[in-house]
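Undergrad: The structure follows.
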Amino acid sequence: MHYDLNHIYDPDIPECLNDFLNYLGTIRGKSKNTIDGYKVDLIMFFRFLKLYRGRVANNQDFETIQINDIDDNFIKRIKLSDLFAFISFAENYRSNGSYARARKVATLKSFFKYLHGKAKIIDENPALELESPKISKRNPIYLTLEESKALLNSIDGKYRERDYCIITLFLNCGLRLSELCGIDISRIKEDTLTVIGKGNKERTVYLNSACMKAIRNYLMVRNQDYDKIKDKDALFISKNNVRINKRSVELMLKKYLEKADLDTDKYTPHKLRHTAATLMYKYGNVDIRSLQKILGHENVSTTQIYTHVDDEKLREAVRSNPLSEEDI
């Protein structure tokens with residue numbers, strides 16, 4: 001029997017951290033990627049605290065500091081000033097930008113809320129007054145329509161149909177990388193596709209004619225070696241006849257970006273998601289709430305970055321004002 005465990009007990013971390021990570025997976029329904037992110041942040045936090053409190057030598061390699069001896073008494077002595085010191089350490093000694101520090105603040109808030117409200121280990125929550133760093137809004141990085149076409153036209157080789165289908169779905173549907181790799185054939189029904197998004201939430205994705213044609217063409221090639229395929233329901237298959245992984249998709253995209261003379265450092269699978277959203281907003285007259293649903297964003301504030309990308313549309317709106325003529 002296969003067990004899909006979000007977190008397997010780790011003897012190298014504190015008991016309360018193991019319990020918290022299990023809580024995130026079983027009760028909160030967080031994805032493995034999210035849980036892994038929390039784990040990395042909190043391991044760094046505990047290592048920092050042992051260093052900060054003089055529990056280890058200053059010259060000890062940070063990555064080798066053991067934290068499995070941290071107990072409830074240690075946890076109870078953590079104060080707000082310790083949290084501020086950790087965020088300062090992340091900025092000054094780990095070169096964390098505002099986004100990375102904001103994630104660490106969110107991790108600490110969630111962890112101490114659990115310790116106080118669920119585990120009942122602490123009587124007061126020291127993270128209540130912890131503020132997130134101010135993040136300046138950044139416009140999304142995306143391919144233009146012409147660059148998107150150039151990328152599609154660069155695809156060739158032995159896996160052409162598969163790679164063309166992958167990039168077509170990215171550019172038309174705004175899928176996350178994990179969502180694309182996880183597509184099952186059984187979840188495709190005519191022009192709809194069901195994917196598992198962030199937080200294990202199910203989302204319906206609508207397929208346009210370009211996507212459906214790309215899928216049909218790829219399946220004809222894929223199914224020629226059907227007996228060799230180990231993951232029969234996986235849509236995208238690697239050269240080893242198993243479900244394709246995220247790293248393979250990243251390397252494949254990099255190869256075609258180079259062929260299309262596009263910046264391989266600037267564009268990633270996630271930037272193709274930005275591209276799909278931008279093209280929909282720019283050319284499809286999609287309102288922000290519909291775009292939020294298409295992308296599977298929990299908060300509309302995440303989607304609102306796409307409202308800042310089209311300066312030409314703003315210029316045209318000003319030009320169309322009936323009072324815009326110089327001589328009236």
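The numbers here are math on the coordinates, done by the rules we state, and not lab data. Here the structure is a predicted model, which is why all the values come from computation and not from measurement. Here Cβ is always computed from backbone atoms with ideal geometry, including for glycine, and neighbour counts include all displayed protein chains.
Undergrad: So if I place +1 on the C-beta of Lys and Arg and -1 on the C-beta of Asp and Glu, and nothing else carries charge, what would the dipole magnitude of the chain be about its Cα centre? I want it in debye, nearest 20.
TA: I would put it at about 560 debye.
Undergrad: Label points 7 Å out from Cα along the Cβ direction at Lys118 and Lys149: separation in nm?
TA: The answer from the label model is 5.1 nm.
Undergrad: With label points built 7 Å along Cα→Cβ from the Cα atoms of Val56 and Arg28, find their separation and express it in nm.
TA: Between Val56 and Arg28, the simple spin-label model gives 2.4 nm.
Undergrad: Which of the chymotrypsin sites (Phe, Trp or Tyr not before Pro) across the range 76-158 are loop residues per DSSP, with 13 or fewer other Cβ within 10 Å?
TA: Qualifying residues, ordered by number: Tyr93.
Undergrad: Loop only by DSSP, 14 or fewer other Cβ within 10 Å of the Cβ. Give me the trypsin sites (Lys or Arg not before Pro) in the range 183-292 that pass, ordered by residue number.
TA: Those satisfying the criteria are Lys201, Lys230, Lys232, Lys239, Lys266.
Undergrad: What is the diffusion coefficient of the chain in µm²/s, taking the Kirkwood radius over Cα pairs and the Stokes-Einstein relation at 10 °C with a viscosity of 1.306 mPa s?
TA: 69 µm²/s
Undergrad: A further question on this structure: Quick one: Karplus J couplings for the range 97-105, per residue in order, coefficients 6.51, -1.76, 1.60, θ = phi - 60°, nearest Hz, x for Gly and Pro?
TA: x, 5, 5, 5, 5, 5, 5, 5, 4
Undergrad: Amide H neighbours of Val205 under 5 Å, at least 5 residues apart or on other chains, H built in the peptide plane: list them.
TA: Leu193, Thr194, Val195
Undergrad: I need the phi-derived Karplus couplings for the range 193-210: 6.51 cos²θ - 1.76 cosθ + 1.60, θ = phi - 60°, integer Hz, Gly and Pro marked x.
TA: Taking θ as phi minus 60°, the curve returns 9, 9, 10, 9, x, 4, x, 6, 8, 7, 9, 8, 10, 8, 9, 8, 5, 4 Hz for the range 193-210.
Undergrad: With θ set to phi - 60°, apply the Karplus curve 6.51 cos²θ - 1.76 cosθ + 1.60 along the range 157-166 and write out the HN-Hα couplings as whole Hz, x wherever there is a Gly or Pro.
TA: x, 4, 9, 3, 4, 5, 5, 5, 5, 4
Undergrad: Based on alpha-carbon centroids, what's the gap between the range 240-271 and the range 21-86 in Å, whole number please?
TA: 34 Å
Undergrad: Going by amide H atoms built from the backbone, whose H comes under 5 Å of the H on Asn96, apart from near neighbours?
TA: Here Glu91 satisfy the definition.
Undergrad: In addition: Full-extension gain between Tyr9 and Tyr283, please, as 0.36 nm times their residue separation minus the C-alpha to C-alpha distance.
TA: 93.8 nm
Undergrad: Å³ per residue of the Cα convex hull, for the range 145-310?
TA: 117 Å³
Undergrad: Treat each spin label as a single point 7 Å out from the Cα along the C-beta direction, and report the Glu129 to His270 distance in nm.
TA: 3.3 nm
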